[in-house]
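Please treat every number below as a calculation from the coordinates, not as lab data. Here the structure is a predicted model, which means the values were calculated and not measured. Here the Cβ positions follow ideal geometry from the backbone for every residue, glycine too, while neighbour counts run over all protein chains shown.
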Amino acid sequence: MNQLQRYGVVNALSSSIHLSIEGVISIMDIAVEQGDITKVQTDAICLGIFEGVQRPGGAAGAVDRALDGAISEVLADRDFSCKKGEVFWLRTHGKIGAKRVLLVGLGSAEKFSADVVREVSAAAARAAKALSELTTIAHGAGIGGLDAHTAAQATVEGTLLGLYRFEKFKKPEEPIKLERLRLIERSSEKLDALKAGAQQGQIIAESVLFARDLANEPGQSLPPRELAAHAQRLAQELGLRCEVFDEKALEKLGMGGILAVGKGSDEPPRFIVLEYNLRKDSRPIVLVGKGITFDSGGISIKPREGMEAMKYDMSGAAAVLGAMRAVALLKLPVAVVGLIAAAENLPSGKALKPGDVITISNKKTVEVTNTDAEGRLVLADALVYAQRYHPQAVIDLATLTGACTIALGKEAAGLFSNDESLAQKIERAAQQTGERVWRLPLYDEYKELIKSEIADIKNSTNKGPQAGAAVGAIFLREFVNYPWAHLDIAGVAYDVESRLYHPKGATGYGVRLLAQLLREWA
Ligand code: BES
Ligand code: ZN
Ligand code: ZN
């Protein structure tokens with residue numbers, strides 16, 4: 001099945017969905033119910049327990065009593081040590097409504113956070129993947145100290161993110177049968193907050209999966225034209241305005257960066273515009289995504305090892321599309337524009353050459369000293385285009401430099417910004433979502449490194465490996481005249497093994513961060 005169709009937005013099947021999101025086909029039926037955890041009839045109930053707990057309290061305590069102390073016994077015997085994401089199954093022998101209990105470790109109470117809830121929910125869902133239904137409490141809403149909305153959102157997000165696999169080209173070894181998640185809560189007061197949190201979590205998580213699907217798609221089946229077709233389909237389903245500029249239109253706009261990068265490929269480049277809730281006088285937030293559908297390096301060709309990962313070089317674009325989906329389905333009261341600069345970077349007789357001088361749409365000239373520093377060339381045109389919206393802020397996401405991965409590894413995106421308040425908003429959203437950012441500097445002195453003898457600037461330095469991520473950011477700064485932030489997501493966009501809710505391949509980084517940022521903005 002085409003995975004992208006799974007997260008389509010046109011409703012065909014949702015009549016049975018409890019928390020049905022209007023017009024959305026969901027991969028999982030998610031229900032929030034008031035009830036007694038010991039009475040609910042279900043395949044399994046999932047309970048989280050902190051490290052060091054001898055006698056569980058709250059919902060786990062109630063189940064423990066109903067099971068004549070079976071959970072306490074497991075803890076006392078150290079059969080289960082409650083490490084984060086560790087799981088343990090118990091049979092209930094008809095003593096409670098559920099057939100099984102799935103214990104999941106919450107790790108240490110001091111390190112507990114909403115992101116831990118995402119991780120343990122992912123671990124629990126994977127453990128229960130052969131069942132058709134899992135019932136759970138919203139982890140952290142009671143003893144953990146999270147508010148009910150956050151706990152429900154994180155539980156749902158973790159479940160959906162953790163079950164994801166890119167299975168378009170491979171029969172799954174162990175198929176996922178889980179199709180229903182039930183959140184049980186005893187008190188009626190928390191119910192509304194839990195429902196809202198669960199529903200928003202579902203929208204946001206499915207938008208992350210949409211982005212993961214796009215990023216995981218091989219270059220062969222997702223050239224710029226296809227990326228644009230996906231954007232158009234999404235826009236149509238969500239009721240967004242969408243415009244796609246082809247080569248002719250790019251020529252008219254003078255987008256010399258996008259055209260230059262794309263000209264080595266038989267697949268033509270595209271510039272994609274999506275608009276949500278944009279009115280005459282609105283000053284939108286503009287999201288810009290690097291959409292290099294495959295980056296061979298061009299004539300400055302990359303080494304062969306690991307080049308296959310360069311299909312992920314459109315992860316910024318995928319994050320922007322995922323965020324637009326989330327923002328539209330959440331109906332956030334903000335104006336948002338998504339811009340995607342899409343091209344395929346290949347060598348050929350027609351390709352851009354080192355030494356060539358190109359002209360970006362604001363008439364700035366760039367000496368291309370390295371055709372592998374192509375992301376900044378396509379983004380330059382997109383950042384110039386963003387100026388016409390008189391934006392409140394522009395945030396670009398790009399797998400821009402290997403140097404950023406060297407600086408920060410796979411644990412944080414590099415954050416560069418010319419605006420303190422915007423940077424702080426992003427840092428706050430990062431804290432809330434666990435999609436970490438780390439501020440890096442935009443020192444004016446770096447500009448020296450991209451001085452050209454023959455053009456206004458050049459696209460890479462010949463002064464050796466210094467401040468590679470910052471040099472990329474300094475280049476981009478040449479094209480902005482508004483509050484701006486650049487997220488270098490080269491390290492975090494794919495193959496991040498440190499989070500239990502990440503599968504192999506694309507992470508969908510940025511969708512949750514942007515959704516959170518725009519939610520707080522509203
Ligand atoms: N797409 C790459 C950056 C990248 C590298 C992303 C590794 C993910 C993993 C980008 O276009 C690139 O090649 N950048 C060059 C810049 C250099 C030539 C100034 C790099 O990082 O080497
Ligand atoms: Zn490159
Ligand atoms: Zn690239």
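Here are a few things to note about the model shown:
- Trypsin sites (Lys or Arg not before Pro) within segment 196-279: DSSP coil, no more than 10 neighbouring Cβ in 10 Å: R279
- To the nearest ten degrees, helix 511-521 and the longest principal axis of the Cα atoms of the chain are 90 degrees apart.
- Placing unit charges on the Cβ atoms only, positive for Lys and Arg and negative for Asp and Glu, gives segment 230-521 a dipole magnitude near 640 debye about its Cα centre.
- At R0 = 56 Å, FRET efficiency that the Cβ-Cβ distance of D444 and S81 yields, to 0.05: 0.60
- The chain, dipole about Cα centre (Lys/Arg Cβ +1, Asp/Glu Cβ -1), debye to the nearest 20: 480 debye
- Dividing the convex hull volume of the alpha carbon atoms of segment 463-522 by its residue count gives 124 Å³ per residue.
- Estimated [θ] at 222 nm from DSSP helical runs (n ≥ 4, -39500 (n - 2.57)) normalised by residues in the chain, nearest 500: -10000 deg cm²/dmol
- Between the Cα long axis of helix 191-216 and the first principal axis of the chain there is an angle of about 40°, rounded to the nearest 10.
- Computed Kirkwood radius, in angstrom, where 1/r is averaged over Cα pairs of segment 230-521: 18.7 Å
- Positive-pole candidate from C82, A205, I176, dipole of segment 3-211, charges at beta carbon: I176
- In segment 224-294, a dipole from Cβ-located charges (positive for Lys and Arg, negative for Asp and Glu) runs towards its positive end, and of G239, F294, G264 it is G239 whose Cα lies farthest in that direction.
- Cα convex hull volume per residue for the chain (Å³): 146 Å³
- Excluding same-chain neighbours fewer than eight residues apart, the lysines reachable from K170 by a Cα-Cα span under 25 Å are K129, K311, K504.
- Sparse-neighbourhood loop sites, trypsin sites (Lys or Arg not before Pro) in segment 412-485 - DSSP loop, at most 13 other Cβ within 10 angstrom: K451, K463
- Note on segment 233-304 and segment 80-153: Cα centroid distance 42 Å, given to the nearest whole angstrom.
- Along the chain, longest interval not containing exposed GluC sites (Glu not before Pro), exposed being DSSP loop plus at most 11 other Cβ atoms within 10 Å: 23-172
- Local net charge near A128, Cβ-Cβ under 13 Å (Lys/Arg +1, Asp/Glu -1): +3
- Its Cα gyration tensor gives segment 81-209 an equivalent ellipsoid; the semi-axes, largest first and in whole Å, are 22, 19, 15.
- Whole-number D in µm² s⁻¹ for segment 359-421, Kirkwood Cα-pair radius fed into Stokes-Einstein, 20 °C, 1.002 mPa s: 156 µm²/s
- Per-q log10 I(q)/I(0), segment 37-129, q = 0.20, 0.22, 0.25 Å⁻¹ (Debye; single scatterer per alpha-carbon; no solvent): -0.92, -1.11, -1.36
- Exposed loop sites are taken as chymotrypsin sites (Phe, Trp or Tyr not before Pro) in a DSSP loop (any state but H, G, I, E or B) with at most 14 other beta carbon atoms within 10 Å; the longest stretch of the chain without one runs 170-442.
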